[in-house]
Structures are given as C-alpha cells and as structure tokens.
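I have placed the structure first, in the form of structure tokens, so that the comments after it can refer back to it.
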C-alpha cells in the first residue's frame, strides 16, 4: 500500500543511544505496572479515602496518568493502552462520586487546570480514536454549541473564567472568598492588588475585596485569555471527525483574541467583559484578569494558552498568521529581559528553577518578566522554552529560529548541560535538545536517556516510601510526584518533537511510527529511532533493529497528525555482502554503504528492517499539505485520482 524501503546496512556495533532507548522502554514498562499495583484500585481509581473541599483537584487526579497513553503511542507495551483507559474510567467515576464532574466532565474551573486535566484524554483519543470520538464530540460541544451556556457567539467570548459542564457553577469560589492559601499568597501575591490602598492593614480573608466581593464582580464573569486553551478541545474533536463546526468555532473564537491582541499593540490582553470590551470590568486595564498577566502566573499561563489557541487556528486553517497572536507578547517579554543571577530575581517559581538550574542559580543569565501590573513588569525568571520551541517546530522559519538563537546567546549557562529532573510538565530539557539539533552536542541522546532512567528509578524509590500512606487532601500532588513514566526524552529523540504544551496542548512531532505487523502505533519491539534533524528539507531519522533473529517493519508517518507530505526519502544502502568475509577470516570487513532515493508523495512509507540492521533516512517534507487528523495508515485510504 505504501512505498517500502528495505534496510540493508548490517548492525554490528549497536550505538549506545539505541540500546539505552530500549532499556528505558523496558524500565518504564516495569515502573508503570508497579505504580498501578501500589497506588490504584481494581477499577483504576487512585487510592484515596478523603474528600475534595474546593473546586481544585480534578487535574491532580488525571495528571497522574497523562503520559501513559503517550508512552503507548511511542511504543510502550501492548496492554498499556487498555490500562490507561481503565485508569481514565476509574478516576472519572471517582471524581464524579466526589462531586467534581457532571456527565464525565469538569463542572466548572479555570482552563489553566482544565488543560492539564485533558492531556490524558487527548492522548487516549490519539491512540484509540474509534473508541473516544463520542466523548470528544460531547466535551467539545460544551463550548462550540452556545446552548450549553459557555459560549457567547455575539461577543465571541467564553462567558466566565470557571466554565465546564455545569452552568449553575458560577463565579470563582463557593463561600465568601477565594480559598487563597498563605503559601500561595506569599508566592503570587493577590489579585486586584490596586484595590487595597498602599499601607492599609490587610483585612480578614473573607472581607478582603481582592478575594471576595470585588474579585467576584470584576474577575468572576467575562472571558480570560487562559480560556484560549479550550481551543485544544475543539481541535481534538476536529482531528477525530473533520466536522467543520469545530474548525469554524476555532476560527471565530481564536480569531477574536487575535483582533484584541492586534488592537493592544500586538500584546494579547487577558480579560474581556461580558459586553465584549477589553478591560471593561477592570477600569480599562488590559491586564488583571483571572489567571492573567498580573495574577498568579502571568506569561506562564497566558503564553501557554495563547500558543495552544494559535496552533489550533494555524492547524485547522493552514494560516500561520494565527501565530502572530503569540509572537509580539513573547518578544515584548524578551525585550524587557535583564541579566541577573536567579538568586537575585523576584521569581514566584522558586521550586521549578532551583532544580532546573541547579548550580547555575548563581550564574548571571537572561531573565524575563512573567507578570505585568500597575507597577510595570515583574516576576523575573529564565525564559520558559515551551512557547519559542513550539513556534519554531511548527514553522521552521528563520524568524522563529533566530529568536531561539538570540535566547541562547543571552544565556549565561551552557545549553548543552543535561540535568536529571522531572518538572510538573515532564519537560524542561528544550535547551539541550535544541543545542543537539544545532549540531553542538552529539552525546545528547545518551545523556538525556540516562537522565530519564535516573528519574524513573528516583520515582520508584519514592513510591516505595509512600505506597502505604493514606494521602490527605493537601498532599494529592504525591501521585504526580511519584508517577514513574517519563516521556520527554523519547518524544524528542524518536518523534523529533518537543514535549506537549502542558496546559492543554496537542502533541507536535516531525515523524511518528506504527508497527506494521502488529497494526498499532509506536515503534515495534527491539527497534530504536533517533531524529537528529528536523529541517523539513532534511529531516534525518535513524532506525535500528537490535533483534538478532527477528525482522521488524515500521511505518513512518510525517507529522503528529499525518499533516505533512514526504516528497522523497534518501536512505543508506549496503548491497555488497562481502563485508561478512570468507569462511576462514577471523573478522569482518567494513560494510560499503551507499545511498538510494525513493519517491513517496504521501504521509506514510514503510521500512522493513531485517534482523540486526540499520538505516539512515533523510526525508524531504512539505509541511501541512493535508488536513490534520487522527487517521492511521491502517484506515481505508481514499482512491488516488487518475
């Protein structure tokens, strides 16, 4: 059905990255099974006997498993998909019993957290589209169809910051005031900080206008930029169905935010009043909305939601100018940067950067402000690389590449440094990966695989310590901190893509794979893959079959959603069996390796890998030539026009 390339170069000395990659797959298989045994019940739910006393918590249950179906898609165990589905079902029943869901969906909460909750769901849809389409439609329709009360088509806004399946859940909190903890107040401050006069005594929490009446009136209704992450839900439904309703909604809703950004000098505002006016409830301020520029996270929440929306718009329309909703704000933040040591910064994300930077916390480096309020820019941090990397991966443009080079030049620490840590996003190693793609660190694959192994083993030790603990509500992050599945290294090395944007993004990838014999997504057993270049004109993939006895067949797909076209593939060839030598030779000769070219003209081609063989593929790609979808090479294909 597809062009077939047969590998012919013998594998004599397996590269270290190839054996390390398969060892990581094997370790991960043992690790997730241990977690399921120690921390979950028979129906897949998490072992938890407490209650949830606020609107927070749904994300913390689903996030535990977010990358399990992602691991299956990469080539994890055959039964991992069914186990991931079982955990989604069990957790969904559990959260329904706890009063957090209605009709299997979040009753009403902000999209910074909803986006985190839905990553597990999105990867399940990607892995088993035929089983998840009905839910995907139902969930997306909560926003696409105005009758559910979330979307106002006249003003092109989502009506409130806390939104979902329950139209009766209004405002931002139940009770007299927002449940803002002392620790959170110390890290992030308060919303509406301008409402309390300078030097005024801090009132009791339930009487503090910043957390009670004024917060409800000014921040509890209308749209907020973080709601842009809802476009991922519509994009997911579009990928499953091709239904133009979802495409049209993304064009309309994301398009409205594009217009607001353009009218604000290019920088996306974070709030829209119910009548459609930016700043209408905040005395004209374009900043200050819920999970917006001022509170609590700034760029961390606004930037990630904006890139989710921009990529959704670009994918469904083919119009990359949607990305201009993100670039001006990103460049504005960078332009405000200062060189300092992290120990001298006013960062609200201490726990994140102290691990990621390690000894470089005292190294002067570029810091950029994440937040903006009446006092100007503040909350300086090193640049989070998720958004710049996602932009460059999508466009491969000189402009987006130059921005990354500028950020690297401004960095005081060595981007080639690989540290073993696992952030909440299961990301954070974009800098060394980008240095590797630039040709600066050929040892990166083995270093990042070793770092991943370390994190799995660390989490197995953590699991052993806490496996019998009756988890209190305040510590439900324990499960995320113990999840031993790490996928960032495999995503970068095998798919040639960055880890998914954590607050509601869908996966980016230059290539993906299917096991041709098993007819399932992912690399076959014993096969390793390495993407060493993501240049569309020269996307370089090396495939290795480590099995000394069994042949394997891999279908290579261009793009996460089969949206690219492979024009042609240049591949290595060894046609002379003379490398084996004669009967009485004590050693082998060096194989003579040449190259050949194969026309493809579609999103898929097959590579047959005899036992102990390897092949280096250089793909020439045309990006985004087809409508993105979750279709697979095993689905019936439309006839080719004569």
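Figure the gain on full extension for residue 185 and residue 535 (residue separation times 0.36 nm, minus the Cα-Cα span) and round it to one decimal in nm.
Answer, rounded to one decimal: 121.5 nm.
Hey, what number do you get for the chain at 222 nm if only DSSP H runs of n ≥ 4 count, each worth -39500 (n - 2.57), divided across all residues, to the nearest 500?
That comes out to -11000 deg cm²/dmol.
Would you please classify the overall shape of region 82-185 from the alpha carbon gyration tensor, given that a ≥ b ≥ c denote the square roots of the eigenvalues, rounded means a/c under 1.5, and beyond that prolate means a/b larger than b/c while oblate covers the rest?
oblate
Would you mind classifying region 481-566 by shape? Square roots of the alpha carbon gyration tensor eigenvalues, ordered a ≥ b ≥ c; an a/c under 1.5 is rounded, otherwise it is prolate if a/b is larger than b/c and oblate if not.
In terms of gyration-tensor shape, oblate.
Given a Förster distance of 25 Å, report the FRET efficiency between residue 97 and residue 134 from their Cβ-Cβ distance, rounded to the nearest 0.05.
Efficiency for this residue pair is about 0.65.
May I ask you to give the average projected area over all directions of the convex hull of the Cα atoms of region 38-143, in nm² rounded to one decimal?
Projected area, direction-averaged: 6.8 nm².
Determine the shape class of region 359-465: with a ≥ b ≥ c the square roots of the Cα gyration tensor eigenvalues, call it rounded for a/c under 1.5, and otherwise prolate if a/b is greater than b/c, oblate otherwise.
Here region 359-465 falls in the oblate category.
Which entry in (1) 23; (2) 17; (3) 43 matches percent of Cα pairs over 45 Å apart derived from the coordinates of this structure?
Matching the structure shown: (2).
For a label point 7 Å from the Cα of residue 194 along Cα→C-beta, name the residues of region 373-400 whose backbone N is under 11 Å from it.
Residues passing the 11 Å test: 373-376.
Could you calculate the contour length gain from residue 331 to residue 343, that is, 0.36 nm times the residue separation minus the distance between their Cα atoms, to one decimal place in nm?
So the chain would gain 1.9 nm between residue 331 and residue 343.
Regarding region 196-321, what is the average projected area of its C-alpha convex hull, in nm²?
Spelled out: convex hull of the Cα atoms, projected over all directions, averaged, 8.9 nm².
Using Cα centres only, tell me the gap between region 275-304 and region 428-492 in whole Å.
Here the answer is 33 Å between Cα centres.
How high is the FRET efficiency between residue 406 and residue 263 when r is their beta carbon distance and R₀ equals 35 Å, given to the nearest 0.05?
After rounding to 0.05, the efficiency reads 0.80.
Rounded to the nearest 5, what is the percent of antiparallel bridges among the DSSP beta bridges in the chain?
Roughly 95 percent of the beta bridges in the chain run antiparallel, per DSSP.
May I ask for the Kirkwood hydrodynamic radius of region 502-642, worked out over all distinct Cα pairs and given in angstroms to one decimal?
Evaluated on region 502-642, it is 16.5 Å.
Quote to one decimal, in nm, the extra length available between residue 637 and residue 424 on full extension: 0.36 nm per residue of separation minus the C-alpha distance between them.
So the chain would gain 72.8 nm between residue 637 and residue 424.
Computed from the coordinates by the stated procedures, all read-outs in this text should not be read as laboratory data. Here the structure is a predicted model, which means the values were calculated and not measured. Methodologically, a virtual Cβ is constructed for each residue, glycine included, from the backbone with ideal geometry; neighbour enumeration extends over all protein chains shown.
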